[in-house]
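So the structure is just underneath, and the comments pick up after that.
What follows draws every value from the coordinates through simple rules; no lab data is involved. This is a predicted model, so every value here is computed, not measured. Positions of Cβ are backbone-derived with ideal geometry, glycine not excepted, and every protein chain shown enters the neighbour counts.
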Amino acid sequence: MKKQIVLVADDFGMDAKINEAILHAHVAGGLHAAALMMAQPGTEEAVAMARAHPRLQIGWHLHLNDSCPATMARWPWVLHLSRLGLASVSPDVHGKLCAGKLFDNGTIP
């Protein structure tokens, strides 16, 4: 039986830079698939890229932290995790990220 390795990129749709890197790896021939994140700053661009490159297989990326939820302003547990010192960003930064108020370099205007 022939075995095959399938390389899948994570975070497709998170932002423009990640989308560009994923598409570059796919076009160069090293990447077979990507996990698409919904309701993120780069989701629409990622969907357009996927449509333009139908050989790139797309799956769904289940994300429950460090991203923006599709149905609410922020994840309800971000504040709790922040208080425990377990969140990767503060609730304030997370809220501004989800509102699209962070610059590309990660700074808050």
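What the table shows:
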{"quantity": "Residue count, region 51-71 (criterion: closer than 17 Å to VAL6 by Cα and either touching a Pro at 6+ places or on another chain (Cβ under 6 Å) or surrounded by 19 or more Cβ atoms within 10 Å (Cβ to Cβ) (or both))", "calculated": "3"}
{"quantity": "Close pairs (9 angstrom Cβ cut-off, 6 or more residues apart or separate chains): in contact (Cβ under 8 Å) with a residue 24 or more places away in the chain in region 18-47, hydroxyl-bearing (Ser, Thr, Tyr) and not in a helix (DSSP H, G or I) anywhere", "calculated": "MET37/SER67; ALA39/SER67; ALA39/THR71; GLN40/SER67"}
{"quantity": "Hits in region 34-66 (condition: in a loop (DSSP other than H, G, I, E, B) and over 14 Å from the mean Cα position of the chain (by Cα))", "calculated": "HIS53, PRO54, ARG55, LEU56"}
